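Just below is one structure, and these are the notes that go with it.
The values are calculated or read from the model by the stated rules, or taken from the named source; none is laboratory data. Just so you know, these numbers come straight off a predicted model, no measurement behind them. Here the Cβ is made from the backbone with ideal geometry for all residues, glycine too, and neighbour counts use every protein chain on show.
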């Protein structure tokens, strides 16, 4: 049986349905007036007969009704606009009271993007009617001066919230209430906000999260006095995603609920027939000797417990991000210590740097308080105008490209651009003993909503022939990672292979060698930047290369020295 009525929901948006219905009502009213006028005035000399004049009275009555209906529709439209304005004003007042703290909460950031994308489109469509058209044209002409989010921004903000939800195991209802551990509570999500998160998940083919957020939208819409979304739209998405997740019985139940609400729904009847056939066919195939059949009862869509097997890299990465796991052996811990370090450099003999060794092999160091707050602010000031979405190097072509597994913005600073940039580079050389003459420029990175960088190597593997070829300085021998901000929650640097977690500490720098002395890559240096749960994360990277290190870090006698 061909499922011809399977729902295609990617274009459905509740925000547009309201304005479309309203504008359609006005158009139909005006068309009715025109047809009525033409039908009566095509008969000539109506004034010559009372009966014809009586018909005009009827026409006049219909026109009055039409005008009254138009006024009713217009008043409703203005009420909708006023409600939107009041909501904008209330949230804007809260946001501007402490904008930095407000925007560092990922839910607030998502809602701001949503208000200026889908919500604004609703306000725009309402204002385009009548006298609002001139105002819209004025705003449209100002778009060069005003910053509006694109559809891609809303998608990115939604994906960031879902990423945070998965990585940190955040409960859907708790997240919808604006409650994130370690952060100030944000505004609660409305049913429409939850619906939008579910719709974004659906458009990405992610039916698991569609179910979580559509169910939350369904729970909330029943509690709302002023409905923010059509319950029928929620049920349609929820039913189909439930079916796609393999629970046909529950999909059928949801579809029946939809048909009770909208008996003549254009797709639901066909979907119900399809689900019923699917259940019958499955029962026929699965029926055993006793005739019993099990076919998907109600499913609990909370995250299921994982089997007690060896963790995948992804699972280990997420556990480290949640601070649930650490595999540093007790035997290894005896090699870990803190000291005052000068590296034999005259400048640091009288004022050594606080150094911490956090792992033995590969050796990972933390240098505490190696820059001042003033130096950090200068670097951020220089970088901010140049921030662009960060790229990764294509393993085959060597070209730089965007990737969903790295969400951040970055800028590059040359040593000669400012004395502070030069000082930081010189400090790296003094403390690591490696020359920075062949190093890359200082990369400054800012992570936004849910910003992250999934597990990766900093060095190029053997198969990546073209990596760093344009630089002509060999492979990345070492990484200097400077934390330029504290982070309210999340944002740790983790090494899944060795179970190490480095929490961001402003003014501290992490350092490790990416290559063995032989030049072979150290596979244990694979690391990741956990999603920023709350706050803003600033870091800078200084990648040092092989060329020029021949006498500073000579080859050992064995491959893995």
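Residue-by-condition table, conditions (1) in contact with a helix residue (DSSP H, G or I) (Cβ under 6 Å, 6 or more places away or on another chain); (2) modelled with pLDDT of 80 or more; (3) crowded, with 16+ Cβ neighbours inside 10 Å; (4) closer than 30 Å to residue 160 by Cα:
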{"site": "44", "(1), (2), (3), (4)": "no, no, no, no"}
{"site": "94", "(1), (2), (3), (4)": "no, yes, no, yes"}
{"site": "100", "(1), (2), (3), (4)": "no, yes, no, yes"}
{"site": "109", "(1), (2), (3), (4)": "yes, yes, yes, yes"}
{"site": "125", "(1), (2), (3), (4)": "yes, yes, yes, yes"}
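Inspect the stretch 408-426 for any residue being farther than 26 Å from residue 460 by Cα, at pLDDT 95 or above and assigned to a loop (DSSP other than H, G, I, E, B) and give the result as yes or no.
Checking the stretch 408-426: at least one residue is farther than 26 Å from residue 460 by Cα, at pLDDT 95 or above and assigned to a loop (DSSP other than H, G, I, E, B).
Please verify whether residue 536 is surrounded by fewer than 24 Cβ atoms within 10 Å (Cβ to Cβ), touching a helix residue (DSSP H, G or I) at 6+ places or on another chain (Cβ under 9 Å) and more than 27 Å from residue 311 (Cα to Cα), treating the condition exactly as stated.
Here the answer is yes, as residue 536 does meet what is asked.
Can you name the residue in the stretch 165-211 that is outside any helix (DSSP H, G or I) and within 15 Å of the chain's Cα centre (by Cα) and, of all such residues, is farthest from residue 233 (Cα to Cα)?
168
Among the residues that make up the stretch 493-502, is at least one of them in a strand (DSSP E or B), more than 31 Å from the chain's Cα centre (by Cα) and modelled with pLDDT of 95 or more?
No: zero hits.
For the list (1) loosely packed, with under 14 Cβ neighbours inside 10 Å; (2) modelled with pLDDT under 75, I need the number of the one condition that residue 40 fails.
(1)
Across the stretch 343-371, what is the total count of residues that are within 19 Å of residue 552 (Cβ to Cβ) and surrounded by fewer than 17 Cβ atoms within 10 Å (Cβ to Cβ)?
Total meeting the criteria: 7.
Considering only the stretch 462-478, I want to know if a residue exists there that is closer than 20 Å to residue 160 by Cα, buried (at least 18 other Cβ atoms within 10 Å of the Cβ) and in contact with a helix residue (DSSP H, G or I) (Cβ under 7 Å, 6 or more places away or on another chain).
no
Please work out if residue 230 is surrounded by fewer than 24 Cβ atoms within 10 Å (Cβ to Cβ), within 28 Å of residue 83 (Cα to Cα) and at pLDDT below 95.
no
One residue is enough: does the stretch 512-521 have a residue meeting the conditions modelled with pLDDT of 95 or more, within 30 Å of residue 159 (Cβ to Cβ) and under 29 Å from the mean Cα position of the chain (by Cα)?
no
Of 233, 257, 219, which residue is over 15 Å from the mean Cα position of the chain (by Cα), more than 23 Å from residue 536 (Cβ to Cβ) and either touching a residue at least 60 places away in the same chain (Cβ under 8 Å) or assigned to a loop (DSSP other than H, G, I, E, B) (or both)?
So the residue among 233, 257, 219 that is over 15 Å from the mean Cα position of the chain (by Cα), more than 23 Å from residue 536 (Cβ to Cβ) and either touching a residue at least 60 places away in the same chain (Cβ under 8 Å) or assigned to a loop (DSSP other than H, G, I, E, B) (or both) is 233.
How do the pairs read when you match residues in the stretch 447-469 that are over 15 Å from residue 520 (Cβ atoms) with residues anywhere that are modelled with pLDDT under 90 and surrounded by fewer than 15 Cβ atoms within 10 Å (Cβ to Cβ), using Cβ under 6 Å and keeping only pairs 6 or more apart or on different chains?
Hits for this filter: 454/405.
Results for (1) closer than 22 Å to residue 107 by Cα; (2) surrounded by fewer than 21 Cβ atoms within 10 Å (Cβ to Cβ); (3) in contact with a helix residue (DSSP H, G or I) (Cβ under 8 Å, 6 or more places away or on another chain), shown as yes or no for each residue.
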{"site": "173", "(1), (2), (3)": "yes, yes, yes"}
{"site": "185", "(1), (2), (3)": "yes, yes, no"}
{"site": "191", "(1), (2), (3)": "yes, no, yes"}
{"site": "197", "(1), (2), (3)": "yes, no, yes"}
{"site": "214", "(1), (2), (3)": "yes, no, yes"}
{"site": "234", "(1), (2), (3)": "yes, no, yes"}
{"site": "244", "(1), (2), (3)": "no, yes, yes"}
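Return the residue satisfying two criteria in turn: it lies in the stretch 200-211 and is more than 28 Å from residue 487 (Cα to Cα) and in contact with a helix residue (DSSP H, G or I) (Cβ under 7 Å, 6 or more places away or on another chain), and of such residues it is surrounded by the most Cβ atoms within 10 Å (Cβ to Cβ).
Filtering the stretch 200-211 for residues that are more than 28 Å from residue 487 (Cα to Cα) and in contact with a helix residue (DSSP H, G or I) (Cβ under 7 Å, 6 or more places away or on another chain), the one surrounded by the most Cβ atoms within 10 Å (Cβ to Cβ) comes out as 210.
The conditions are (1) in contact (Cβ under 8 Å) with a residue 60 or more places away in the chain; (2) touching a helix residue (DSSP H, G or I) at 6+ places or on another chain (Cβ under 8 Å); (3) crowded, with 19+ Cβ neighbours inside 10 Å, and residue 274 fails exactly one of them. Which is it?
(2)
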